[in-house]
């Protein structure tokens, strides 16, 4: 699983990772990779402005109506990867854990407006897509916070 999380993190963030580092670093990398992988699986990658190739406001309305962020986060936290992230975070000091969780709440791809162009490679996102990604990150962090206290 660590290899898969590393690959996802490297792919999504474009950064190299090393799981031989401190507990905080290892937990942070696993948390970021986990959140990003759930977002990618559940929010349409936006590559062009037409509705078939981007996450639209209509998609966001349906996403909210169906309470997808809550459903997706609950399923993710029930997975082996979710349980491993919780275990890694439990082993941190409360200050380190709080810092990592606060960073994770903010995980989302930049909007096309922030990037300054439409990104055909999917590295950017529509405003609606970014909102959906942020809702997923928020729900995952909320569930992790609850589970770490148990």
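Of the residues that sit in segment 33-60 and are buried (at least 23 other Cβ atoms within 10 Å of the Cβ) and in contact (Cβ under 8 Å) with a residue 40 or more places away in the chain, which one is farthest from the chain's Cα centre (by Cα)?
Pass one, segment 33-60, residues buried (at least 23 other Cβ atoms within 10 Å of the Cβ): 33-36, 38-39, 43, 46.
Then drop every residue that is not in contact (Cβ under 8 Å) with a residue 40 or more places away in the chain, which leaves 34-36, 38-39, 43, 46.
Working: 34: 6, 35: 3, 36: 3, 38: 6, 39: 5, 43: 10, 46: 16 Å.
This residue is 46.
Count of segment 103-126 residues, restricted to those that are in contact (Cβ under 8 Å) with a residue 24 or more places away in the chain, surrounded by fewer than 21 Cβ atoms within 10 Å (Cβ to Cβ) and out of contact with any helix residue (DSSP H, G or I) (no Cβ under 6 Å at 6 or more places or on another chain), is 7.
Given segment 1-73, what helices (runs of 4 or more DSSP H) lie entirely inside it while holding 3 or more residues that are in contact with a helix residue (DSSP H, G or I) (Cβ under 7 Å, 6 or more places away or on another chain) and at pLDDT 75 or above?
Details: elements: 2-13, 23-42, 57-65.
In segment 1-73, the matching helices (runs of 4 or more DSSP H) lie at 23-42, 57-65.
Quick check: is even one residue across segment 126-149 touching a strand residue (DSSP E or B) at 6+ places or on another chain (Cβ under 6 Å) and outside any loop (DSSP other than H, G, I, E, B)? Give the derivation first.
Start the filter on segment 126-149 by keeping residues that are touching a strand residue (DSSP E or B) at 6+ places or on another chain (Cβ under 6 Å), which leaves 127, 130.
When the remaining residues are screened for being outside any loop (DSSP other than H, G, I, E, B), the result is 127, 130.
So far as segment 126-149 goes, yes, one or more of its residues are touching a strand residue (DSSP E or B) at 6+ places or on another chain (Cβ under 6 Å) and outside any loop (DSSP other than H, G, I, E, B).
Scan segment 74-97 for residues that are in contact with a helix residue (DSSP H, G or I) (Cβ under 7 Å, 6 or more places away or on another chain), in a loop (DSSP other than H, G, I, E, B) and surrounded by fewer than 19 Cβ atoms within 10 Å (Cβ to Cβ) and the total you get is 1.
The values are calculated or read from the model by the stated rules, or taken from the named source; none is laboratory data. None of these values were measured; they are calculated from a predicted model. Every residue, glycine among them, receives a Cβ derived from its backbone with ideal geometry; neighbour counts consider all protein chains shown.
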